[in-house]
Amino acid sequence: MKVEKKEVEGVKIVKLTGQIRISTQNEFKDLLDNLARENEGKTVIISMDGVIYMNSAGLGIIIDTYKKFKEKKGRMILCNLTPDISKLFEVTRLNRFIEIYGTEAEALSKV
């Protein structure tokens, strides 16, 4: 899994590329745990256009991280989901409470 970080208008944006599967889920969990800890009370946008596969553990990690951000009065926003990953969020109905936008620009406009 490849991770790129940048900051736009004071908002951290993390771009993920690769697969979230058994071999990478610990790395993914560590990344999101660190983001939640380092950005208490802030907004972080996670761009997932490079994520081509995510297992159920990956979904669980996202839910856990979403809760951590919310507890600390911050926001975790997802954007650029591929059609397959987007469908996963629809089927599990996670798109009803996790903020998901089509593009990075759209996500930034909602901050």
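The values are calculated or read from the model by the stated rules, or taken from the named source; none is laboratory data. Bear in mind the structure is a predicted one, so any value in this text is a computation, not a measurement. All Cβ positions, even for glycine, are placed from backbone atoms using ideal geometry, and neighbour counts span all protein chains on display. To get the accessible areas, we keep the full protein, side chains included, count just its heavy atoms, and leave off ligands, DNA and RNA. Shrake-Rupley method; radii C 1.70, N 1.55, O 1.52, S 1.80 Å.
Observations, loosely collected:
- Of all DSSP-defined beta bridges confined to the chain, some 30% are antiparallel rather than parallel.
- Electrostatic tally near residue 90: other residues with Cβ closer than 12 Å to its Cβ, Lys and Arg +1, Asp and Glu -1, net +2.
- Note on the chain: helix-only mean residue ellipticity at 222 nm, from DSSP H runs of 4+ residues weighted -39500 (n - 2.57) and normalised by residue number, equals -12500 deg cm²/dmol.
- Ordering 46, 63, 101 by Cα displacement along the dipole of segment 2-109 toward the positive end leaves 63 in first place; charges were set at the Cβ atoms of Lys, Arg (+1) and Asp, Glu (-1).
- Only lysines eight or more places from residue 110 in sequence, or on another chain, were considered; those with a Cα closer than 21 Å are 5, 6, 12, 15, 42, 67, 68, 70, 72, 73.
- Length-normalised contact order for the chain - Cα pairs under 8 Å, 6+ apart - percent: 26 percent
- Compactness of segment 19-111, taken as the C-alpha radius of gyration over 2.2 N^0.38 Å, stands at 1.00.
- For the chain, no complete DSSP H run has alpha carbons reaching 27 Å or more along its own long axis together with a mean Kyte-Doolittle score of 1.0 or higher.
- Å² per residue, accessible surface of segment 2-109 at 1.4 Å: 54 Å²
- Ligands, DNA and RNA left out, the 1.4 Å accessible surface of segment 2-109 is 49% carbon and sulfur atoms.
- Average projection, convex hull of the Cα set of segment 58-97: 2.8 square nanometres.
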